[in-house]
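Before any comments, here is the structure.
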Amino acid sequence: QVQLVESGGGLVQAGGSLELSCAASGQYNIGWFRQAPGKEREFVAALNYYGGNPAYSDSVKGRFTIFRGNAENTVYLQMSSLKVEDTAVYYCAARGEMAITTFRSSVLYDYWGQGTQVTVSS
């Protein structure tokens, strides 16, 4: 059974940094998504099955970095220069296909973590 456990959320002031982690039970394509109150879930960043080909949404490009740990199936989302509009519940998602492609659409992911709250205050 696929398990995804997110951690690292919290409260931070605008301009600050946070690092989220997604511990997976195996090797997968991993994506990070977020959902703010009253809004649809949106793509944030993703890696392919091999931990490469990082992709970012335009709203976070240059501020967020996604990477996989060297000796583990944990994917990190390093977030810096945080803005109030980054406030949301952040979810990691997994897809089992051995792809070099990076997937941006939430419908392409089969498994989801429980989510972690990120709140950025002004």
Within the stretch 33-122: Cβ-based charge dipole about Cα centre, in debye rounded to nearest 20 (Lys, Arg +1; Asp, Glu -1): 140
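Loop-only GluC sites (Glu not before Pro) in the stretch 29-85, please: DSSP not H, G, I, E or B, and at most 14 other Cβ atoms within 10 Å.
Working: sites: Glu40, Glu42, Glu72, Glu85; in loops: Glu40, Glu72.
Sites meeting the loop and neighbour criteria: Glu40, Glu72.
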Most mobile of Asn70, Asn29, Asn53 in a GNM of the chain (Cα contacts under 10 Å): Asn70
Theoretical gain in end-to-end length, Asp110 to Asn70 [0.36 nm per residue, Cα-Cα removed]: 12.0 nm
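Heavy atoms only, probe 1.4 angstrom, no DNA, RNA or ligands counted: give me Phe103, Phe67 ranked by accessible area, highest first. The partial results should precede the final answer.
Working: Phe103 20, Phe67 70 Å².
Final ranking, largest accessible area leading: Phe67, Phe103.
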Directionally averaged projected area (convex hull, Cα atoms, the stretch 48-91), nm²: 3.6
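The values are calculated or read from the model by the stated rules, or taken from the named source; none is laboratory data. This is a predicted model, so every value here is computed, not measured. No Cβ is skipped: glycine too gets one built from the backbone with ideal geometry, and neighbour counts run over all protein chains shown. Ligands, DNA and RNA are excluded from the accessible area calculation, which covers all protein heavy atoms including side chains. Shrake-Rupley method; radii C 1.70, N 1.55, O 1.52, S 1.80 Å.
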